[in-house]
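Participant: Just passing along the structure, written as structure tokens.
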Amino acid sequence: GMFGFGFALVPLYGLLCQITGIQSVEQRTAVGSSGIVRDSSAGSVGAIDEERWITVKFDATVHPSLPWTLAPMERKVRVHPGETRQVIFMAENRSGNEITGQAIPSIAPWQATDFFNKLECFCFTEQTLAGGEVKEMPLQFTVSKDLPEDIASLTLSYNVMRTSEPEPVAAR
């Protein structure tokens, strides 16, 4: 039952985003010719609040059915609101088989969710890694200048789940 629930999470996430009006994976990947999605809450280009610092922390949890590791190259960064920043995550498929997975993001505290904009993210699409493959996965983001003043730190967490069926084990 839990295995089936894991597969159902991706479409359920899309439905939740559609109902609540949060930008879903599909909406964020529907980009124009520039290749970048602009969020009006992120402010205009060059509008950086040089007076304020926000600490952004990163973590990832990989479902036990997915023999991957996923970790950020930097566990935390300090950014000015309105500044565009890139962080690289390293993913490794520890198995000998090609496997596809999907990262589902979440922000804590939840009040910061509307003020954190992922411009480019490996979480927008399923990722396929060959057996033993190590891959850099970029995240490009900005934190809105409208982030409430009482929030000085936020955490972006990824829950990574397998989206491809495991290959059957051959009888010996």
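The values are calculated or read from the model by the stated rules, or taken from the named source; none is laboratory data. Just so it is clear, the structure is predicted and the values come from calculations on it, not from any experiment. Counting neighbours? That spans all protein chains shown, and the Cβs are built from the backbone with ideal geometry, glycine included. These area figures cover heavy atoms from the full protein model, side chains too; ligands, DNA and RNA do not enter into them. Shrake-Rupley method; radii C 1.70, N 1.55, O 1.52, S 1.80 Å.
Participant: Are any residues in segment 98-115 surrounded by fewer than 21 Cβ atoms within 10 Å (Cβ to Cβ), over 20 Å from residue 6 (Cα atoms) and not acidic (Asp, Glu), and if so, which ones? Talk me through it step by step, then tell me what you get.
Facilitator: Within segment 98-115, the first condition is being surrounded by fewer than 21 Cβ atoms within 10 Å (Cβ to Cβ), and the residues that meet it are 98, 100, 104-114.
Right, trim to over 20 Å from residue 6 (Cα atoms) and you get 108-114.
Residues satisfying the conditions are 108, 109, 110, 111, 112, 113.
Participant: Sticking with this structure for a sec: Specify which of the listed residues (90, 161) is more than 12 Å from the chain's Cα centre (by Cα), under 13 Å from residue 67 (Cα atoms) and either open to solvent by 20 Å² or more (accessible area, probe 1.4 Å) or among the hydrophobic types (A, V, I, L, M, F, W, C) (or both). Reasoning before the result, please.
Facilitator: Details: 90 fails: under 13 Å from residue 67 (Cα atoms).
Unique residue meeting the criteria: 161.
Participant: If you take the residues in segment 122-134 that are touching a residue at least 40 places away in the same chain (Cβ under 8 Å) and surrounded by 16 or more Cβ atoms within 10 Å (Cβ to Cβ), which one is nearest to residue 155 (Cα to Cα)?
Facilitator: The residue in question is 123.
Participant: Further question on the same structure: With (1) modelled with pLDDT under 90; (2) within 29 Å of residue 149 (Cα to Cα); (3) of a type outside the set (Phe, Trp, Tyr); (4) surrounded by 13 or more Cβ atoms within 10 Å (Cβ to Cβ) as the list, and residue 44 as the residue in question, which single condition is left unmet?
Facilitator: (4)
Participant: Report, by residue number, each residue of segment 47-73 that is part of a strand (DSSP E or B) and either over 17 Å from residue 152 (Cβ atoms) or open to solvent by 60 Å² or more (accessible area, probe 1.4 Å) (or both). Don't jump to the end; show me each part of the working.
Facilitator: Of all residues in segment 47-73, those part of a strand (DSSP E or B) come to 54-62, 68-72.
Across segment 47-73, the qualifying residues are 57, 59, 60, 61, 62, 68, 69, 70, 71, 72.
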